[in-house]
Amino acid sequence: MAAASPPLLPTTVLPATAAAASPGPTSIGSADANPAGPRAFLGGLLDSVKGALSGARPWPELVDRSALSRPDSLSDATSRLRKNLAYFRVNYAAIVSLSLAAALLAHPFSLAALLALLAAWCFLYLLRPADAPPLAAFGRTFSDRETLGGLIVASAFVVFLTSVGSLIFSALALGAALVCAHGAFRVPEDLFLDEPDQTNGGASVNLLSFITNTTGGRV
């Protein structure tokens, strides 16, 4: 007599969608694991800045001593400043940026704190994909709103409760003072404002458009 075959056990085939594990929360340590996004952002930002700086006026024209004279009145100084701001806007922005860069390079601690804050904004919020899983830290997950709130609090602490804020404000005030002094004393009669306005405006729009598109409309 042949031996009885063992009973068949019931089997269940899981669908492919159920077998795939859902993505878990992303830890802060792995938020920047893929450097392709930041590299592409920095490369595109550098190209946009170069395009914006291409609209700068010739620097010899900016420092032409023969075009400098004392304004006759306060209204004359204001009129000169308004016209020069429209014409030398890119040059003036570069002057203010150089003032800020020089101040930060002279204070390495403030520079390091500001770079760390900017890196946190980029990796934890601005450059994160919209469909990325929530961040995980200290045994819990954080939503985008909580991450944004934490970054705002950290920014307020660094800017208002450390020397970074006073350094930035002082550098910006110095750059603005230089711009206002030059704009008030530079005679703008030989400047043509129509075509330069379109060129500089287009470069500024391209830079802002790039930042907005890269950050997914978060800025």
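Just so you know, all these numbers are worked out from the coordinates, no wet-lab data involved. From a predicted model like this one, the values you see are computed outputs, not experimental measurements. As a convention, Cβ positions derive from the backbone with ideal geometry for all residues, glycine included, and neighbour counts pool all protein chains shown.
Taking the Cβ of Asp76 as the centre, find all other residues whose Cβ is under 14 Å away and add up their charges (Lys, Arg: +1; Asp, Glu: -1).
Overall, the nearby charge balance is +3.
Could you give the length gained on full extension between Ala86 and Leu105, defined as 0.36 nm per residue of separation minus the Cα-Cα distance, in nm?
3.9 nm
Please give the peptides 126-133, 173-180 ranked by average Cβ packing (other Cβ atoms within 10 Å per residue), highest first, as a rough proxy for protection.
Averaged packing, sorted descending, gives the order 173-180, 126-133.
Can you list the residues, at least 5 places off or on another chain, whose amide H is less than 5 Å from the amide H of Thr162, using H built in the peptide plane?
none
By the scheme Lys and Arg +1, Asp and Glu -1, what is the net charge of all other residues having a beta-carbon under 9 Å from that of Phe88?
Taking every Cβ under 9 Å from that of Phe88, the sum is +2.
Ala137's amide H: which non-local residues (gap 5+, or another chain) put their own amide H closer than 5 Å, with H modeled 1.01 Å from N in plane and none for Pro or chain starts?
Residues meeting the amide H criterion: Phe142.
Order these peptides, 134-144, 63-73, by their mean beta-carbon neighbour count within 10 angstrom, highest first.
134-144, 63-73
With Kirkwood's inverse mean 1/r over C-alpha pairs for Rh, give me the Rg to Rh ratio of the range 53-100, two decimals please.
1.00
Note down the nm distance, to one decimal, between modelled labels 7 Å out along Cα→Cβ at Ala116 and at Arg57.
Once both label points are built, they end up 4.2 nm from each other.
Taking 7 Å along the Cα-to-C-beta vector as the label spot, tell me the Leu174-Ala67 distance in nanometres, rounded to one decimal.
Inter-label distance under the simple model: 2.6 nm.
Which net charge results when you count Lys and Arg as +1 and Asp and Glu as -1 among the other residues whose beta-carbon is under 9 Å from that of Gly183?
Around Gly183, the charge tally is +4.
Work out, step by step, the length gained on full extension between Ser155 and Val187: first 0.36 nm times the residue separation, then minus their alpha carbon distance; give nm to one decimal.
Length gained, Ser155 through Val187: 7.4 nm.
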